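Trainee: The structure that follows is given in the form of structure tokens.
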Number of protein chains: 2
Amino acid sequence: MKKVFLNDSEIPTRWYNVLADLPSPMSPPLHPATGQPVGPDDLAPVFPMNLIEQEVSTERWIDIPEAVLDKYLLWRPSPLCRAENFEKLLDAPVKIFYKNEGVSPPGSHKPNTAVAQAYYNKAFGVKRLSTETGAGQWGSALSMACQMFGLECRVFMVKVSYQQKPFRGLMMAVWGANCIPSPSDQTHAGRKILSEHPDSPGSLGIAISEAIEDAVGDPDARYSLGSVLNHVLLHQTVIGLEAQKQLKKVGIYPDVVIGCAGGGSNFGGLCLPFVRDKINGKEISVVAAEPTSCPTMTKGPYAYDFGDTAQTTPLLAMYTLGHDFVPAPIHAGGLRYHGMAPIISHLVKEQIVEPRAYDQIQTFEAGINWARSEGFIPAPETNHAIAAVVDEAQRAREEGKEKVILFNWSGHGVVDLAAYDAYLSGKLIKYEMPEEDITRALKAIEGLPKP
Amino acid sequence: MKKVFLNDSEIPTRWYNVLADLPSPMSPPLHPATGQPVGPDDLAPVFPMNLIEQEVSTERWIDIPEAVLDKYLLWRPSPLCRAENFEKLLDAPVKIFYKNEGVSPPGSHKPNTAVAQAYYNKAFGVKRLSTETGAGQWGSALSMACQMFGLECRVFMVKVSYQQKPFRGLMMAVWGANCIPSPSDQTHAGRKILSEHPDSPGSLGIAISEAIEDAVGDPDARYSLGSVLNHVLLHQTVIGLEAQKQLKKVGIYPDVVIGCAGGGSNFGGLCLPFVRDKINGKEISVVAAEPTSCPTMTKGPYAYDFGDTAQTTPLLAMYTLGHDFVPAPIHAGGLRYHGMAPIISHLVKEQIVEPRAYDQIQTFEAGINWARSEGFIPAPETNHAIAAVVDEAQRAREEGKEKVILFNWSGHGVVDLAAYDAYLSGKLIKYEMPEEDITRALKAIEGLPKP
């Protein structure tokens, strides 16, 4: 058995909401001015009300709308594959299964929530979505989704990525979106930066500020976020729910479930349905892999912090390296975020999820070995999950214990080959976050409420 | 129904050899010096004997070796999908099905034969394969296959493509191959060109000459070709055989089968099993889509001609624009070949296959509409097949006749986005081959034997 497919009729028809099963309540998002929990009305200029309701829902199961399922079926259910060649290479007593989310049109898990968000915005009467993107995975996914539901789409892309990764911008153009290098002259925030630093390479923080300003200033527009928030992780649970059905078909249950985590959405998408099993008594390890250069969960404090550099978002209770953190320029743009989804942060704090950090050299080594044995070239983000699989296999070998590992192959690296080139030509260096950065992080959250 | 999957156990275990069913015999390849049919010994320095035997076999079914099936299963059976959104857009009485060959690691149908060729060479004791590549689809597929079977791989890539499409060369490096811009200083042929034209951008003809010279000069090496030859088309029939199983599952048989054709391998791979049905009496149209700028089958004579510019190959009986033909620089590198597979040429001559030519503007328009409705971005080559689907839908609308169309979605265009950019920014122009080129083509084959 190398692959388990599900037929169209077997696709999950409901998302799973872990909020219904948490052993302890989460700390709510706070309004930075009042220190009080934010209400739906605070968020109404930013998100449509149907998504705000989903953000705070504690219903265990939420129906996936027919129109969203219809788009999912263009590429979902994604295959569950067994990595027999990689197993042979590792020579450890492990069986390795992975969900191949690289089969979607933009090549990652991102459209699972992009399609849902485009649908809900359209249903609410929104005409245009605005968002930011770093490496471009999210921006391209939302471009496709907006095209499919007849929404305009504007993507503020970090300028240095826009220049270094022209293919992502071109992909957005093919799907009819308007991709703007950020900082831009389209917003007050962008113009301010440009007047002070005309050559600014941009940052995710600046791009978020531009996208929010652009959306909030137009009653027909809303803002869209590709990770971190509860409703985003909710939409991604289709991955884990499919995996559970597929594993059941072959009578297997995993000992370890692994995902890489930047904002937490692909990780949550695969793992949350298994977290439910763990809460209900199953013995299972749930491992989140992050970069040593941006070690949010392994080094950061659990605290209230802003989601963006410009301090425009509500305060979120999460592991954070401080909203002013500037991560090292590693080649996994999707993992360079100072915070972590509040749901995932809560599960780490409750010791239900175990975080581990891997260095980029180690991750590319794992990714090259993967590509040379299993064929598919993984995204640099995904290489972190593969490094954790290698680590887990090593532990199984040492313990002499047989293990079934399941991980999320969150996307392909076909548009990220320059990063592989850097690795193969010995240009990558090992990044560890300096210890003094913890002092800076603590300073950044000083004076903010505590969870 | 949007997709039909086959389980691992349902993958075809034999390739289909159309030579067993042809209504009239094919004209054999000739030795250019003697004008006599080439024998196995003539080809022995170039190909391993097990592939030479396959090239001339007339057995109807040839078993797929276990080790090849094992690699196929990394991504095969590929999904058969129904393009309901594209159907809606066309608003014609058609049902459109497509085989998604873009799901393979290099993103096209090419590994179907690359894996088989690497296996047979390895089994024969070969240690290294040498090949040429234009746009890079073939070179990257063979790189992956060689890595999987422990063979060294050297790819001579047309220099201008090497420079314009760095991602393809990087992909080959990830899979451990040595990609060399051609003309190079590694061969006599390359050095000769460089001494006369130091700035030569290269051509497929030069790259073929380099690859053959490189292989023939080393007893441990052989040459590998990604299209045109009988054994290459044989390996690709796994596509059509899967499609037949999948269509049977949903109780459907197509009225029209379509593929784009450059050398003929993806076209043959899907269509040959249906050609068998047609020979046995089924009413079905089989349409080969080629570019108006390289109209081999629609404008060229059926004649004996060389497979390469440097006149090093045997003479093949085929439709040809002359071995000295330099096609216009359209953005579908895989379709810029002066000849056509002898099998496909024979079927066109026998009026079993109907060729049609489409302009690149028309093909990109079709491709953009596809990406915006079905999500997946097609390769520029694949866009020719989609243009033929649009054409066929238009005919069905005019005739008021319901039709089931099946076509080969031969690969994704994620590494070809610069071509889409050129289209979207209005930089593409319409290319028709000038009529006087037919005179030149006839001159190129003057004096050669006639089939």
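Trainee: Let me confirm something: among B:MET148, B:MET144, which residue is open to solvent by 10 Å² or more (accessible area, probe 1.4 Å) and not polar (S, T, N, Q)?
Mentor: One residue alone meets the criteria, B:MET148.
Trainee: To continue, here is another question. I need the full set of residues from the range A:1-56 which are surrounded by fewer than 19 Cβ atoms within 10 Å (Cβ to Cβ), of a type in the set (Gly, Ala, Ser) and in contact (Cβ under 8 Å) with a residue 60 or more places away in the chain, in order please.
Mentor: A:SER24, A:GLY35 - these are the residues of the range A:1-56 that are surrounded by fewer than 19 Cβ atoms within 10 Å (Cβ to Cβ), of a type in the set (Gly, Ala, Ser) and in contact (Cβ under 8 Å) with a residue 60 or more places away in the chain.
Trainee: So if I check each of B:ALA207, B:ALA243, B:ALA221, which one is open to solvent by less than 20 Å² (accessible area, probe 1.4 Å), at pLDDT 95 or above, in contact with a strand residue (DSSP E or B) (Cβ under 8 Å, 6 or more places away or on another chain) and not assigned by TED's automatic domain parsing to the domain that holds B:ALA261?
Mentor: On the way: B:ALA207 fails: at pLDDT 95 or above; B:ALA243 fails: not assigned by TED's automatic domain parsing to the domain that holds B:ALA261.
Every option except B:ALA221 fails the conditions.
Trainee: Also: Residues that are at pLDDT 95 or above, in the same structural domain as A:LYS95 (by TED's automatic domain parsing) and within 16 Å of A:GLY205 (Cα to Cα): does the range A:289-311 have at least one?
Mentor: yes
Trainee: I'm checking my understanding of the structure. Among residues of the range A:285-338 that are of a type in the set (D, E, K, R) and over 26 Å from A:LEU43 (Cβ atoms), which one is most open to solvent (accessible area, probe 1.4 Å)?
Mentor: In the first step, residues of the range A:285-338 are kept if they are of a type in the set (D, E, K, R); the result is A:290, A:299, A:305, A:308, A:324, A:336.
So of that shortlist, the ones also over 26 Å from A:LEU43 (Cβ atoms) come out as A:290, A:299.
On the way: A:GLU290: 1, A:LYS299: 82 Å².
Per the stated criteria, the residue is A:LYS299.
Trainee: Regarding A:PHE86, is this residue in contact with an Asp or Glu (Cβ under 8 Å, 6 or more places away or on another chain) and within 14 Å of chain B (Cβ to nearest Cβ)? Before the answer, list the steps.
Mentor: Working: in contact with an Asp or Glu (Cβ under 8 Å, 6 or more places away or on another chain): yes; within 14 Å of chain B (Cβ to nearest Cβ): yes.
Yes; evaluated as a whole, the condition is true for this residue.
Trainee: Let me ask another. Can you tell me which residue among B:SER108, B:SER104 is open to solvent by less than 20 Å² (accessible area, probe 1.4 Å), at pLDDT 95 or above and at the interface with chain A (Cβ under 10 Å from one of its Cβ atoms)?
Mentor: Numbers: B:SER108 fails: at the interface with chain A (Cβ under 10 Å from one of its Cβ atoms).
After ruling out the rest, the residue left standing is B:SER104.
Trainee: Any idea which residue in the range A:1-46 is nearest to B:LYS2 (Cα to Cα), counting only those that are more than 14 Å from every other protein chain (Cβ to nearest Cβ) and among the small types (Gly, Ala, Ser)? Don't jump to the end; show me each part of the working.
Mentor: Our first condition is that a residue be more than 14 Å from every other protein chain (Cβ to nearest Cβ); within the range A:1-46, this holds for A:12-46.
Cutting the leftovers down to among the small types (Gly, Ala, Ser) gives us A:20, A:24, A:27, A:33, A:35, A:39, A:44.
Working: A:ALA20: 33, A:SER24: 42, A:SER27: 42, A:ALA33: 50, A:GLY35: 49, A:GLY39: 41, A:ALA44: 36 Å.
Checking each candidate, the answer is A:ALA20.
Trainee: Return the residue satisfying two criteria in turn: it lies in the range B:411-426 and is closer than 14 Å to B:ALA366 by Cβ and of a type in the set (Ser, Thr, Tyr), and of such residues it is nearest to the other protein chains (Cβ to nearest Cβ).
Mentor: Top of the filtered list is B:TYR420.
Trainee: Just checking, which of A:ARG82, A:ARG128 is of a type in the set (Lys, Arg), open to solvent by less than 20 Å² (accessible area, probe 1.4 Å) and at pLDDT 95 or above?
Mentor: Values: A:ARG82 fails: open to solvent by less than 20 Å² (accessible area, probe 1.4 Å).
Just a single option satisfies the conditions, and that option is A:ARG128.
Trainee: Filter the range A:267-284 down to residues that are open to solvent by 10 Å² or more (accessible area, probe 1.4 Å) and touching a residue at least 40 places away in the same chain (Cβ under 8 Å), then give me how many there are.
Mentor: Matching residues across the range A:267-284 total 4.
Trainee: Residues in the range B:301-311: is at least one out of contact with any Gly (no Cβ under 7 Å at 6 or more places or on another chain) and in a loop (DSSP other than H, G, I, E, B)?
Mentor: Residues of the range B:301-311 out of contact with any Gly (no Cβ under 7 Å at 6 or more places or on another chain): B:301-304, B:306, B:311.
Filter again for in a loop (DSSP other than H, G, I, E, B), leaving B:301, B:311.
Yes.
Trainee: Just checking, which of A:SER195, A:SER130 is away from chain B (no Cβ under 14 Å) and more than 22 Å from the chain's Cα centre (by Cα)?
Mentor: Matching residue, one of A:SER195, A:SER130: A:SER195.
Trainee: In the range B:403-426, is there at least one residue being among the charged types (D, E, K, R) and closer than 20 Å to B:ILE284 by Cβ? Don't jump to the end; show me each part of the working.
Mentor: Step one: list which residues in the range B:403-426 are among the charged types (D, E, K, R), which gives B:403, B:416, B:421.
Those still in the list that are closer than 20 Å to B:ILE284 by Cβ too: B:403.
Within the range B:403-426, one or more residues are among the charged types (D, E, K, R) and closer than 20 Å to B:ILE284 by Cβ.
Trainee: On to the next question. Inside the range A:367-392, can you point out the residues that are open to solvent by 10 Å² or more (accessible area, probe 1.4 Å) and farther than 14 Å from A:ALA419 by Cβ?
Mentor: The answer is A:ASN369, A:ARG372, A:SER373, A:PHE376, A:VAL390, A:ASP391.
Trainee: With the condition kept exactly as written, say whether any residue in the range A:166-187 is touching a Ser or Thr at 6+ places or on another chain (Cβ under 6 Å), more than 12 Å from chain B (Cβ to nearest Cβ) and small (Gly, Ala, Ser). Break it down into steps so the answer makes sense when it comes.
Mentor: Residues of the range A:166-187 that are touching a Ser or Thr at 6+ places or on another chain (Cβ under 6 Å), as a first pass: A:168, A:171-172, A:175, A:177, A:183.
Narrowing the set further to residues that are more than 12 Å from chain B (Cβ to nearest Cβ) leaves A:183.
If we keep only those that are small (Gly, Ala, Ser) too, we end up with none.
The answer is no; no qualifying residue exists.
Trainee: Enumerate the strands (runs of 3 or more DSSP E) found wholly within the range A:67-176, keeping only those where 3 or more residues are under 18 Å from A:PHE47 (Cα atoms) and touching a residue at least 60 places away in the same chain (Cβ under 8 Å). Before the answer, list the steps.
Mentor: Numbers: elements: A:80-82, A:94-100, A:128-133, A:152-158.
So the answer is A:128-133.
The values are calculated or read from the model by the stated rules, or taken from the named source; none is laboratory data. This is a predicted model, so every value here is computed, not measured. Ideal geometry is used to build each Cβ from the backbone, glycine not excepted, and the neighbour counts take in all protein chains shown. With ligands, DNA and RNA removed, areas are computed over all heavy atoms of the protein, side chains included. Shrake-Rupley method; radii C 1.70, N 1.55, O 1.52, S 1.80 Å.
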